[in-house]
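The values are calculated or read from the model by the stated rules, or taken from the named source; none is laboratory data. Remember, it's a predicted structure, so these values are computed and weren't measured experimentally. A quick note on method: Cβ atoms are made from the backbone with ideal geometry, for glycine too, and the neighbour counts reach across all protein chains shown.
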């Protein structure tokens, strides 16, 4: 365990960041880059870091927003050193994404985005070529062709696609590799295999699915239209807990962990990387959920986290103003933490 010297009493105390240091000034945004906040981050096999940003906030699905053409997002790429490598889904492309949520890179290098406010999940080639769209752009619902605020996506070893339809629905949805509907699992509730807000998903080294299930009532009603949020979702019970549910590859409930307040989830090796109390990272044993180590206070909100081949950690953080920080390039929307020697 890394330790630091406590000058107040001359004793050694645990290092709350596990030896990680902030890479100041990462990334190097181009002078003309504008965005509101970071929402998603992923790293490909070549070490290229993909940032999914909310470029124009807010109320993207609201009629006023549609009229004013608010709610735009884009994907930009950077090197480990922070060099800008390009951008696609430019913010003037209205149909690209209304509200960036998370980004995911599968093992073959294809890139997936979840557009919470546009109600779609899209698959792209690394150069930004659109390959597949799940859901119906700009239309919310709860059936085989509609989502209501999708939050995350993963691709299983056999190519099956799993979508967390989680902001204003409470389910996971399975699709074939070609995008055909297979099944829906879940529904509003606190029982096993039920969800309030499945905000993030990951699969562990054995193919089990972990779901960050947040207790929430009326999430962001100011961004929605009447009837979009079921009335029962506006109420929560005092004994409801945030939790990580574990499911098998087909969506059957296994168990749950309630000692973590998860906003985001990621898997590296046989460990689960889970945000805890929004700004802290807990590294968990995938079998037991035991906290093996922590890296605390590394973002305002760890909305999504990624790790590269060097072990560096990257965070995408929403709403920096909640900690008195600025939005956009002048704020802490994106961070890189490393144990390497920084020059």
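Among the candidates 331, 251, the residue that is over 16 Å from the mean Cα position of the chain (by Cα) and more than 19 Å from residue 212 (Cα to Cα) is uniquely 331. Of all residues in region 169-183, one or more are at positive phi and touching a residue at least 40 places away in the same chain (Cβ under 8 Å). Among the conditions (1) part of a loop (DSSP other than H, G, I, E, B); (2) modelled with pLDDT of 90 or more, the only one that residue 86 does not satisfy is (1).
In summary, strands (runs of 3 or more DSSP E) completely within region 236-343 and bearing 1 or more residues that are in contact (Cβ under 8 Å) with a residue 40 or more places away in the chain occur at 243-247, 253-257, 265-268, 271-276, 291-295, 304-307, 313-316, 334-338.
So which of 188, 174 ends up being closer than 28 Å to residue 287 by Cα and touching a helix residue (DSSP H, G or I) at 6+ places or on another chain (Cβ under 7 Å)? Steps first, please.
On the way: 174 fails: touching a helix residue (DSSP H, G or I) at 6+ places or on another chain (Cβ under 7 Å).
Residue meeting the stated conditions: 188.
For region 171-191, the candidate set comprises residues that are at pLDDT below 95 and part of a loop (DSSP other than H, G, I, E, B); within that set, the residue that is nearest to residue 233 (Cα to Cα) is 189.
Looking across region 171-195 at every residue that is farther than 24 Å from residue 110 by Cβ and crowded, with 23+ Cβ neighbours inside 10 Å, the one that is nearest to the chain's Cα centre (by Cα) is identified as 195.
Number of residues in region 98-128 that are in contact with a strand residue (DSSP E or B) (Cβ under 9 Å, 6 or more places away or on another chain) and in a loop (DSSP other than H, G, I, E, B) equals 14.
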